[in-house]
Amino acid sequence: MTIPPRVALVTGATQGLGLALVEGLARRLNPADTVYLTGRDAGRVARAADAMPRTGARVRGELFDVADPDAAARFAGLLHDRHGGVDVVFGNAVMRIGPDDDPRTLVDAYTEVNNFGTTRLLRAFAPLARDGGRLVVVASSLGTLHHLAPVLHDRFDGLTSLEEVDKQVAAWRDAVKDGSARAGAWPGFVNIPSKIAQVAAVRALAGQRRAEDARRGILLVAVCPGMINTPTSALWWNVADAPSPAQAAEPLLDLVQNPVDPAHYGELVRFGRVLPWSPFA
């Protein structure tokens, strides 16, 4: 039986980890396969795609701004028309906030990319996943309830749909904007609730798809790449000894190429190990 060419997609792929994931996928896949390098700036997308080595899978640059409410569905339709489905999706698009930024002024844009962008991506591309597909959301080890005050756990624990996740993200976003989050139990570092919500989205969708995905060999997972030596990370932490984006990409690439470990499905995985969702599990 002839195996159809594989199709991979990486969002937020013009620099850092996303660019390294594209490079790694292109290297590991076959010349007949296609890797989509996507981002929100057409010039940067074109330059990044043009700079890719001309070996391995074909790299195709495409404009895809996950903050655009219609972009995920539109791009999924494009890939369906071109290829009929998708084999690997890395949701890596991220808007970062620096230590000197006021979250109240940025949280709208921040959640549109990091959270609503994630749920839109999952809604659009999960139905396109072929047998053996991999749907991966790049999150963080901060994305567990261990990092949230217990009084807030029920905001994200036990959610059963992406719509419920979006509702909780919107409520937290509004609390950040009006200042009530600062006066309450929410952590000041907005990355924590955002990453928890990303993992909650994976868990909610996994609850709906688990049996069918197991039958079809599909992996839906959140991943933590660990600390990475990038200029943005250096604003917050000392990353002098942290891995480069290329080094950090390797365990994630292994995850999508290796056989599915059922224990990974719907969970947050770091270096092949599941990070417990709840401190009370």
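Read the figures in this text as sums done on the coordinates, not as results from a lab. Since we're looking at a predicted model, the values are computed, not measured. Using ideal geometry, Cβ is built from the backbone for each residue, glycine included, and neighbour counts are taken over all protein chains shown.
The modelled label-to-label distance between Arg28 and Ala149, using points 7 Å beyond Cα along the C-beta direction, is 4.1 nm.
With one equal scatterer per alpha carbon and no solvent term, the Debye-computed log10 I(q)/I(0) for region 63-172 at 0.20 1/Å reads -1.19. Have a look at Arg134, Arg120, Arg96 and tell me which one the Gaussian network model of the chain (Cα, springs below 10 Å) gives the largest fluctuation. Looking only at Arg134, Arg120, Arg96, the biggest GNM fluctuation is shown by Arg96. With both labels modelled 7 Å from their Cα along Cα-to-Cβ, the Ala185 to Phe271 distance reads 3.2 nm. For the peptides 52-61, 202-211, the ranking by mean Cβ contacts within 10 Å, running from highest to lowest, is 202-211, 52-61. For region 124-256, the alpha carbon positions stretch 47, 39, 23 Å along the principal axes, listed from largest to smallest. The calculated FRET efficiency for Ser141 paired with Arg82, based on their beta-carbon distance and R0 = 45 Å, is about 0.80. Each residue, Asp100 and Ser161, gets one label point 7 Å from its Cα in the Cβ direction; the gap between the two is 4.4 nm. Computed from Cα atoms alone, the Kirkwood hydrodynamic radius reported for region 7-275 is 18.7 Å. Between Asp131 and Asp68, how high is the FRET efficiency from 1/(1 + (r/R0)^6) when r is the Cβ-Cβ distance and R₀ = 22 Å? Nearest 0.05. So the FRET efficiency works out to roughly 0.15.
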